[in-house]
1. Quick one: ranking 27, 32 by accessible area, 1.4 Å probe, largest first, what do you get?
2. With all distinct Cα pairs included, what does the Kirkwood hydrodynamic radius of the stretch 71-122 come out to in Å, to one decimal, could you say?
3. Based solely on its DSSP helices, what 222 nm [θ] is calculated for the chain when runs of n ≥ 4 H residues each add -39,500 (n - 2.57) and the sum is averaged over all residues, nearest 500 deg cm²/dmol?
4. Determine, from the Cβ-Cβ distance of residue 82 and residue 16 and an R0 of 30 Å, the FRET efficiency 1/(1 + (r/R0)^6), rounded to the nearest 0.05.
5. Going Cα to Cα from residue 85, which lysines come in below 16 Å? Please leave out same-chain ones fewer than 8 positions away.
6. Before I look further, what does the chain give for accessible area per residue, probe 1.4 Å, in whole square angstrom?
7. Taking the Cα centre of the stretch 11-82 as the origin, how large is its charge dipole in debye, to the nearest 20, when only Lys and Arg (+1) and Asp and Glu (-1) carry charge on their Cβ atoms?
8. Could you go through the stretch 58-69 in sequence order and give the Karplus-derived ³J(HN,Hα) for each residue, using 6.51 cos²θ - 1.76 cosθ + 1.60 with θ = phi - 60°, rounded to whole Hz, and x for Gly and Pro?
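The values are calculated or read from the model by the stated rules, or taken from the named source; none is laboratory data. Because the structure is a prediction, the values reported are computed rather than measured. Backbone-built Cβ (ideal geometry, glycine too); neighbour counts: all protein chains shown. Note: accessible area is taken over every heavy atom of the protein model, side chains too, but ligands, DNA and RNA are not part of it. Shrake-Rupley method; radii C 1.70, N 1.55, O 1.52, S 1.80 Å.
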Amino acid sequence: FYPNENCVNRLIQKIQTIQPTNIYVPHELEQHPDHKAAAVLVGNVIKKLPADVQLPIVWMYEVWTPIQQIDHIVDITGYITIKQKAIQAHNSQCSVLKFDEAIIGLNRYRGEMHSWPGGDYAEIFSEMKLQFKL
């Protein structure tokens with residue numbers, strides 16, 4: 001997948017307008033092609049930002065495919081019920097796959113294995129490694 005120029009240009013303009021300090025996107029090794037395409041798009045856009053634009057930190061998260069390189073851990077215990085309800089709102093996906101149970105299970109695993117002695121549930125992130133602009 002290589003993003004078309006229209007998508008690239010629109011996202012460049014949006015970043016220049018909003019000037020985010022952080023961008024969140026599924027990680028580049030996600031198995032779902034749409035998730036992977038989002039990571040490729042963001043990576044390509046970041047490389048093409050004008051030199052006068054402050055580079056945001058790009059945090060990649062897991063959806064279908066667990067991340068191997070963990071750079072940041074966030075305790076989401078206080079939000080787990082809200083997250084589960086938000087996922088369950090995707091009726092078309094949850095009707096064919098117990099996605100809500102799967103991701104909550106992964107968040108529970110992350111909480112136990114990576115957030116200790118923090119909360120019971122955690123999200124983990126990997127920072128997209130960006131080339132320095134010259």
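1. 32, 27
2. After inverting the mean inverse Cα-Cα distance, the result is 11.3 Å.
3. Estimated from H runs of four or more residues: -13500 deg cm²/dmol.
4. About 0.40, to the nearest 0.05.
5. Partners found: 98.
6. Normalised by residue count, the accessible surface of the chain is 66 Å².
7. So the magnitude is around 280 debye.
8. Taking θ as phi minus 60°, the curve returns 9, 9, 9, 10, 9, 10, 9, 10, x, 7, 8, 9 Hz for the stretch 58-69.
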